[in-house]
Amino acid sequence: MKNRMGVRRALLASCVLAFSASAGAGAPAPSAAAGQAEAQRIPAEALVAVRDQDAPRAVPARLSGLSERAATVHDAWLEAFSAPDSLLHLDGDLEVLESASGTIRLVMPAVSIQANGASEEMRSPFVLDLGTLAAILEPVAEERWAIVWELPERARLRDQDGNVVGVMTTDERSLRGLWAADLGTMLKADLRLQGLDLRLDPEAVQVYREEDWNGAGGDLPPDSELPGGLSAERLTVTLDLDESKPGLVSGPLRLALDDVVVESLEGTSMARLAALKMGADYMGLDLPRLNALTELAVDPEALMHQDPEQLLTSLLAAIGGVQTRVELRDLAVDGPDGAGQLRLRSAALDTGLMPSDADPPLSDLRGRFQASGWRFHDEDSAIELDSFGIDLRLDRVAPVALLRLGMLSMLSNDVAEAELLGFSREILGGLGLGLSAAGVAGLMAPAPGVEPAPFGLERVEFGFGLSDLDSRTPGLSLSYRHQGLSGDATGRSPIPEELFPREISVDLTASNLPAGTLADEALASGEMGAGPEAILLALLENATRLDINEIVIDLPIAGLRFTGHAHAEQGGDPEPGMLSGAAEMEIRGLDTVVEQALAFSGSEEARQQIIGIATILKLASEKRSTDDGEVLHFFRVEGDSQGRLVVNGNDLGVLLLGGAP
């Protein structure tokens, strides 16, 4: 049974990569490194004496009786075709020819690929008819077979009634690899298709178009808006796995698709793509363990008797680590009659799963998306974006703890708060999220019939992070910045242009937050909300610190710059603990800000408050000047929770807080 499942996986991997990837039925997982994403040809010596597909050879005669090994291959491949969930279907008899040297030739007539659904209604209505396939299997070592496929030049796409709706052709094609029967997988694979072309039958598409629009009302879309063909200069897929230990494999899987063109039914270009690269780098993939878990998954009764935690732990160990990447270059999408255009110079999506040696197992997850050169325009708007990025990081994810929490929630409607707090320290060690964009510019009409208004943004960045969540004293970071903001795309902003912030920057960090202490207090008191006194004591006990690395607000008429820190100090007996801090603040255009505030004030009382605050600020500040002669009001403030307050060297504690000098 194990070898049969292995043949089935090898057969599926080879055929589906060869045909369904190019026809849109699937693709291999993405690759981690941009510089390694280019698919590489596997050298012939790595496949160990694979027979040259184009060289003349004598076709072995059918033997009256197959060897036990050949019979096993025949039965396993036949089982692969006949399995209920198989994508591959065989409508003829599987023919097996065996030579005296042990080479086996398989001839598979009437092979087709059809995607399965969860139900008959969800089953794909289209079938890719491959025709006759042949494969030569040559033994090269114990449980190792070099495989060379003979691929057809033409494949037909049929509907559920058997009618041909499209034809796929290739100018050149080859597929070879190395199959490990004992591991149930291909260790090496090299697929190359040149001159790939898929054409749909316009009459057949017209029938489906009319059925889809039947009763929906409105006009049918013209031929210029419906895809009618896809072509690619080449498709390359390579797999190169090496065994570090028996059954433990590592290595890259790569896919490269070059010079893709999508055309409409009338033959006009709808989309073009210079290159698409996908791949995965596997690290420590345990194939025997994966095979065992796969066999267990098909037996629901046996699966029900397994320990869920042990199953999850075994699955995580079997997967090992994997890094993936999807990358595309020079995408162009054209609307009908030039009504709209989309351009994208490059884009890449990276993901990673890296396991740890902890018990129970922990994993680090990474995700990153980056794009550049995005351009779009239609009749009402035009938008440009030089670059855009998203970064996501999850540290020390505990899948077993998540499973326990999920099972506990299913078994009990009321999970104890103590258990929830305990799980909160186990599930995740940290997280980070980052967003960035640069070079945003465009024209957009705020409403139909209104003249488009320009807008722009030089750069915007956002970052948020939580660290040490699996400890009693986690940390936090928060940052935001935008520069060069101009214009209003909505046309509805209530903020006057002179008060619109051209630049805002915020950078904050906090460490030793008293999460553990407050959680203990909540459990002891039975109340989840802590009062001010309890929070203050928790801050002192854990020496919590807040750093305001930077706050900047830049308006056309004024500006503010602020830095500072605050920290808690636990005092020694008999000295009490205290909160202390220091900050520096610089205000540009204070008089102009006061004038604007007075203009917007709604009452005489508000005007007096504004004047009073401005007077205190001017008296307490130290006046400085910029290189352009602008007046700056500078403040350096130091203080603590015991009443000390010093502003620019002047002790204001007695005056404002009633503290002792």
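A few points about this structure:
- The residues of region 237-294 that are basic (Lys, Arg) and within 21 Å of Thr170 (Cβ to Cβ), listed by number, are Arg254, Arg272, Lys277.
- Tallying residues that are touching a helix residue (DSSP H, G or I) at 6+ places or on another chain (Cβ under 8 Å) and not in a strand (DSSP E or B) within region 122-171 yields 3.
- Of all residues in region 67-94, those that are within 17 Å of Thr294 (Cα to Cα) have Cβ atoms under 6 Å from Cβ atoms of residues that are assigned to a loop (DSSP other than H, G, I, E, B) and open to solvent by 50 Å² or more (accessible area, probe 1.4 Å), 6 or more apart or on another chain, in Asp85/Asn116.
- A search for C-beta distances below 8 Å between a residue of region 551-567 that is more than 14 Å from Gly484 (Cα to Cα) and any residue that is among the polar types (S, T, N, Q) and not in a strand (DSSP E or B), counting only pairs 6+ apart in sequence or on different chains, returns Ile557/Thr592; Ile557/Gln596; Ala558/Thr592; His567/Thr544.
- Yes/no for Gly643 being over 22 Å from Ala582 (Cα atoms), small (Gly, Ala, Ser) and over 50 Å from the mean Cα position of the chain (by Cα): no
- Residues located in region 147-156, provided they are in contact (Cβ under 8 Å) with a residue 24 or more places away in the chain and either closer than 15 Å to Arg173 by Cβ or surrounded by 22 or more Cβ atoms within 10 Å (Cβ to Cβ) (or both): Ile147, Val148, Trp149, Glu150, Leu151, Ala155
- Qualifying residues in region 175-210 (those that are among the polar types (S, T, N, Q) and at pLDDT below 95) - the one surrounded by the fewest Cβ atoms within 10 Å (Cβ to Cβ): Gln206
- So Leu331, is it open to solvent by 30 Å² or more (accessible area, probe 1.4 Å) and part of a strand (DSSP E or B): yes
- Residues of region 71-101 classified as open to solvent by 20 Å² or more (accessible area, probe 1.4 Å) and more than 18 Å from Ile113 (Cα to Cα), total: 8
Yes/no per residue for (1) buried (at least 18 other Cβ atoms within 10 Å of the Cβ); (2) closer than 30 Å to Gly463 by Cα; (3) touching an Asp or Glu at 6+ places or on another chain (Cβ under 7 Å); (4) modelled with pLDDT of 85 or more:
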position	(1), (2), (3), (4)
Glu527	no, no, no, no
Glu533	no, no, no, no
Ile557	no, yes, yes, yes
Arg561	no, yes, yes, yes
Gln570	no, no, yes, no
Glu575	no, no, no, no
Ala583	no, yes, no, yes
Val594	yes, no, no, yes
Arg624	no, no, no, yes
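- Elements of type helices (runs of 4 or more DSSP H) in region 211-322, at least 1 residues being open to solvent by less than 60 Å² (accessible area, probe 1.4 Å) and in contact with a strand residue (DSSP E or B) (Cβ under 8 Å, 6 or more places away or on another chain): 287-297, 308-319
- Note on region 389-402: residues that are under 23 Å from the mean Cα position of the chain (by Cα) and open to solvent by less than 70 Å² (accessible area, probe 1.4 Å) total 9.
- One residue stands out among those in region 100-129 that are at pLDDT below 90 and more than 26 Å from Asp201 (Cβ to Cβ): the one that is farthest from the chain's Cα centre (by Cα), which is Ala100.
- For region 537-552, the set of residues classified as open to solvent by less than 70 Å² (accessible area, probe 1.4 Å) and modelled with pLDDT under 95 consists of Ala538, Leu539, Leu540, Asn542, Ala543, Thr544, listed by residue number.
- Filter result for Leu435 (at pLDDT 90 or above and touching a Leu at 6+ places or on another chain (Cβ under 8 Å)): no
- Scan of region 370-381 for residues that are in contact with a Gly (Cβ under 7 Å, 6 or more places away or on another chain) and surrounded by fewer than 16 Cβ atoms within 10 Å (Cβ to Cβ), ordered by number: Asp378, Ser381
- Of the residues making up region 613-620, not a single one is part of a strand (DSSP E or B) and either open to solvent by 30 Å² or more (accessible area, probe 1.4 Å) or among the aliphatic types (A, V, I, L, M) (or both).
The values are calculated or read from the model by the stated rules, or taken from the named source; none is laboratory data. Nothing here was measured: the structure is a model prediction, and the numbers come from that model. Positions of Cβ are backbone-derived with ideal geometry, glycine not excepted, and every protein chain shown enters the neighbour counts. Calculation scope for accessible area: heavy atoms of the full protein, side chains included, ligands and nucleic acids excluded. Shrake-Rupley method; radii C 1.70, N 1.55, O 1.52, S 1.80 Å.
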